[in-house]
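Contents: one structure, followed by commentary.
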């Protein structure tokens, strides 16, 4: 099974983009079951990071085009590499292979682990879009809260200890004040810091890493012979 | 008060695009109160018509850029010229003047006119996105149904009588079978056919024309000194 | 376009009722677009102010009778002059012209401006009825909170600075603690103090004045040729 | 325990009003447990029957006044004699003894008997208000449908067989098409025809008679020492 | 009318089980109206107390068997003696007489007394199951909160003053912080401490005792000739 | 990774139980990724098949006991072998390894594949419990319908063609009348008939097989290092 993870923008938007992309690629491969190959590709055009709805929209057109090519190259599933799942309905209209949204997959997994989950997001402006994303999944009833850690995406890799501390702080408030029994890391760059287990050990609740869950969800769908419904995501009539 | 209506694509996507754009511009002006000037502009890049989520996404980046320019030109409000309100949250992040979504405005007006409304959409693939749009407005409880008339956008102006007949057929089913007491025309090209009054007289329920309501909603907001909350639609942190 | 604003009780219930009614009439006219005439009338029978469901009910029968007369006098729309929209369904059963509920209109406008709004109401006993009113509008999902300022209606005009201060206090809590990004003034007497802009400038969120929005909503409906659905609000069978 | 059932209008609105009121009074007494006395009184002012929201509002002020007197006379509970529970929140603001709404009580009892219930109402214009009433009870999730039998209230007693037949017809559709497993008679005059058992035997689902349930609910509340919360239904501040 | 209250486990699970069962039996009889006989029986097999879902499940099979026997003995209604209503759907599949769930009945009664109620439960692990129970009743919209008093069931009778104090503490927080206007005692052993009236007098909101309400609800259903719908709770096909 | 699938009753309840259990065991192993071992075990006590809530309850106590033993034997995850997920909350209280509910997992996977799914259940009495199960998952908004095929569980393996035909019939109605874009097979015995791909090819929508998805979900959770939250499913206080 060959799966592809698509960064919705150019890797050159990061400092040492090649190194970071390779690092993420290795991690993604390490999450996979025996027999699964996970590739990582970027998209030549798009924002450096996605921290607003505006930037989500900027990233979509070129990412969909790239995904169409990747389906033609024979991948069994594609992962859209942003927690916000930008444009995932458009992607599904244009593709037949499963398109995994890491946000959607993580939200559903969290819903299976407990009664109420919280999502830890990046900045304050991510709170409302994440709430809408959960509603979109149909799971608003199980959302305890969305809490921002207030740490820009591009700084997330700079100081691992500080990132962990901020997540711990907001995660604890989610559990003790908002009633969450399960946490979701609401950003791929958070996920690739590989902090979920430490955080889970400290807070004593499951912590869902969207990077890991995206790979496993792709394996689940391909392994079960399932893809999104083309009755739900119809090919555009003019195409 | 100067309001601008933005076609989210190039007018050249239509046959006789100049004529049709001028026709729409005149209609928009005719909906306005004394003292309101309504201009119409197109966006140089984008799909010919929007009949899928994929095409919605294609239209957004250039439309937002155009809107930013139009705010700088001193318009008091902008109307996003597609019923689906594509990218309206991104637009609101980037603008301070009110951005009117004709779909959103029509849905709220319909909700004030009765207990349950139906939306008449274009093709079958528009049903699910329109249902999500109504949920996004927070008004799912008042939605009776979404029904497609099965008539491509670009053919809507070709045969007025046929368009009216298809709307009448689905509108009647919405009222008698789905329990709608109010109808919404779910496409700007439907709206610009100016069929709402005839339809309303036949079916004896209010029929909301999104083109008219968009202009009146812009007047309402500007007249009341209101614009979207920048706490809800924050300027992207990196900008 | 001639619109009438109906005080649901006798102006003599206020100290200097003639003066206050004239003052409100002038404000209402000032909210209108060119070409709109707004008249204000009172109802000879009813409570001095409406601060309970009991008083809402006392006000309704005579107000509906008065509205029926006003429709016969040729008004294009009627505004029911209480934020709670008492008896608005009964009014719509008996009238064919649009009956604007300032509460309903303000709630829908607030819903268009952000993700979550709060309503500032008068006394603690207004909290539950206002929550029901929002549910009635179908918009419970977008309600952050209802907060009372604890200031009786009849004292609201006595000390403008104090009224503003109480609104600011509760408005700030609504924004910082309840997550509101938009505020609604939940009482017509609050609206006629003309504090929305000051409050909005201080709290940096939109503040909806129901007196202004009621006039603009009436203009919207009349201008768009719309009135409530008589399938939703049927004329009583015996009449 | 002394309970009073309040007709929200003058008995003279009916043909042979004295006879019919006496007949209803005897039935009410027959529903009671040993030790309960049920009296019936009318209200001197109000509509002949309540078949619209307008008529609901007409009935409320005088009915509340009458109820206040009846509490002073020492009744342990009052039943508001209309399925629509008009003005029940205002009644509870003004009284301390339990005020039983037959509609509310029947809806809650129906919810305890199965998964989904339907309400059989009088005319088509009663459908939407009954749906709102169920939402008001917080039980919208358990409502299968509201179906009108299309038989005016004042004709309900004229032909018992025809009334039963109309109820059977709509009840059967509620069960087979709408998925109801329990039915509620949505009008007091329907209830006093004493058709619930026959209907239940035919349709093989429970049929809730609001006249019976109102008496039993009053006994439940008085017997359990419970009355409505004065924190929910506060005495109006000015009183 | 003969009603039976079924302890879902052996009375010997308690210290002095015979005494406590007799005490509860006398209380139950004291709640009844003239003409009602309430018996109490235990079930030979099952957990000592029910403080988890696991223990709920342990109690169900033998309790259903016992109830089937009791129906055959001619009881008019059975009360399942645990607030969590464990297995009530299975009981209703196997019985035709009304099976009263004290939790379900108390939740519906609370919903009739105000706008928002809180349930006081035993331990923290009871919070989530009680929230699900309220959803099951269809009344999630009216739930303010579930608060544990943190006092094991088997210690509840040891120190009446301490039990009252813990209930008062959490009840006050429910009212002042969560917005509850009505309280429900969420455990039968709490109910049999007979603290509701004291608590209600102190907190000035209604307090629902599930032991009392269960008896009155059984009287209501039997008195009204109602039992659960066998279309909702069908007899298992193989039986 | 060693996973165990637990039949919630004795295999001897089936004709040729040993053969059928072995057949299912081989299928389960065939669903697994390289490196996963799936064992199948039965529970010595319990009903022959589960076609009612009563039978669900009968199956739970012994199944939980068996699962506790299996966790001690070192399995990494357990699958509860009934679509209804009976007692899954109790199982999670008593176990620390992930307990996969095939119904819950299938419902969440279906929710990721489209906008609205239908569940095909066995008999009419399964409709309401399946609706509650979907609500329990928090996904009621995405449920189009539950439709029974009316074929007893124990006959499901007798005539493969007839089973397929009944599924096709109800599946087609779910798609064309109820608006489903995705289907779920709502019974493990249905799943083990291995009809999902044929059905999907005919109806052109994804069909979720709970037996397959349960194995893949167990792999997902174990592979991602996740298990249910012990804050959500606390160990019973007395244990």
Requested in this report: Evaluate region C:52-61: report whether one residue or more is at pLDDT below 95 and either surrounded by fewer than 21 Cβ atoms within 10 Å (Cβ to Cβ) or under 15 Å from residue C:189 (Cβ atoms) (or both).
Outcome: no
Query raised in the report: Is it true that some residue in region C:122-141 is assigned to a strand (DSSP E or B) and either in the same structural domain as residue C:183 (by TED's automatic domain parsing) or under 13 Å from the mean Cα position of the chain (by Cα) (or both)?
Result: no
Query raised in the report: Pick from region E:142-159 the residues that are modelled with pLDDT under 95 and in a helix (DSSP H, G or I): which of them is farthest from the other protein chains (Cβ to nearest Cβ)?
Result: E:155
Report task. Check whether at least one residue in region B:223-230 is over 23 Å from residue B:50 (Cβ atoms), more than 19 Å from the chain's Cα centre (by Cα), free of Cβ contacts under 8 Å to residues at least 24 places away in the same chain and surrounded by fewer than 24 Cβ atoms within 10 Å (Cβ to Cβ), and report yes or no. Result -> yes
Query raised in the report: crowded, with 19+ Cβ neighbours inside 10 Å and either under 18 Å from the mean Cα position of the chain (by Cα) or in the same structural domain as residue C:122 (by TED's automatic domain parsing) (or both) - does that describe any residue in region C:32-39?
Result: yes
Query raised in the report: In this structure, is residue A:84 within 15 Å of the chain's Cα centre (by Cα), at pLDDT 95 or above and within 14 Å of chain B (Cβ to nearest Cβ)?
Result: yes
Query - Residue within region C:5-14 that is out of contact with any helix residue (DSSP H, G or I) (no Cβ under 7 Å at 6 or more places or on another chain), farther than 16 Å from residue C:215 by Cα and part of a helix (DSSP H, G or I) present - result: yes
Report task. Only residues that are within 12 Å of the chain's Cα centre (by Cα) and surrounded by fewer than 24 Cβ atoms within 10 Å (Cβ to Cβ): list them for region C:89-102, please. Result -> none
Query raised in the report: Hey, any hits in region C:160-178 for a residue that's more than 23 Å from residue C:9 (Cβ to Cβ) and within 10 Å of another protein chain (Cβ to nearest Cβ)?
Result: yes
Query raised in the report: Within the bounds of region B:179-189, is there any residue that is modelled with pLDDT under 95 and farther than 24 Å from residue D:128 by Cα?
Result: yes
Query raised in the report: Within region E:69-79, is there a residue that is at the interface with another protein chain (Cβ under 7 Å from one of its Cβ atoms) and either in contact (Cβ under 8 Å) with a residue 60 or more places away in the chain or farther than 30 Å from residue D:230 by Cβ (or both)?
Result: no
Report summary line: Note on region B:123-166: residues in contact (Cβ under 8 Å) with a residue 40 or more places away in the chain, within 16 Å of residue A:136 (Cβ to Cβ) and in contact with a strand residue (DSSP E or B) (Cβ under 6 Å, 6 or more places away or on another chain) are B:130
**Report entry** residue D:26 exposed (fewer than 15 other Cβ atoms within 10 Å of the Cβ), outside any loop (DSSP other than H, G, I, E, B) and over 15 Å from the mean Cα position of the chain (by Cα)
**Finding:** yes
Query raised in the report: If you check C:86, C:47, which single one turns out to be touching a helix residue (DSSP H, G or I) at 6+ places or on another chain (Cβ under 9 Å) and surrounded by 22 or more Cβ atoms within 10 Å (Cβ to Cβ)?
Result: C:86
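Let's see how each residue does on (1) touching a strand residue (DSSP E or B) at 6+ places or on another chain (Cβ under 9 Å); (2) assigned to a strand (DSSP E or B); (3) on the phi > 0 side of the Ramachandran plot; (4) not assigned by TED's automatic domain parsing to the domain that holds residue C:200:
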position	(1), (2), (3), (4)
C:47	no, no, no, yes
C:50	no, no, no, yes
C:59	no, no, no, yes
C:64	no, no, no, yes
C:70	yes, no, no, yes
C:79	yes, yes, no, yes
C:97	yes, no, no, yes
C:107	yes, no, no, no
C:119	yes, yes, no, no
Query raised in the report: Of the residues that make up region B:158-168, is at least one within 19 Å of residue F:179 (Cβ to Cβ), buried (at least 18 other Cβ atoms within 10 Å of the Cβ) and outside the structural domain of residue B:86 (by TED's automatic domain parsing)?
Result: no
Query raised in the report: Can you pull out the helices (runs of 4 or more DSSP H) entirely within region A:185-229 that have at least 3 residues that are within 11 Å of chain F (Cβ to nearest Cβ)?
Result: A:196-203, A:210-223
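One line per residue, one yes/no per condition, for (1) without any contact (Cβ under 8 Å) to a residue 40 or more places away in the chain; (2) assigned by TED's automatic domain parsing to the domain that holds residue B:30; (3) buried (at least 24 other Cβ atoms within 10 Å of the Cβ):
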position: B:182; (1), (2), (3): no, no, yes
position: B:188; (1), (2), (3): no, no, yes
position: B:198; (1), (2), (3): yes, no, no
position: B:201; (1), (2), (3): yes, no, no
position: B:219; (1), (2), (3): no, yes, yes
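The values are calculated or read from the model by the stated rules, or taken from the named source; none is laboratory data. Bear in mind that the values here come from a model prediction, so they are computed numbers and not experimental data. Note that each Cβ is placed from the backbone with ideal geometry, even for glycine, and that neighbours are counted across all protein chains shown.
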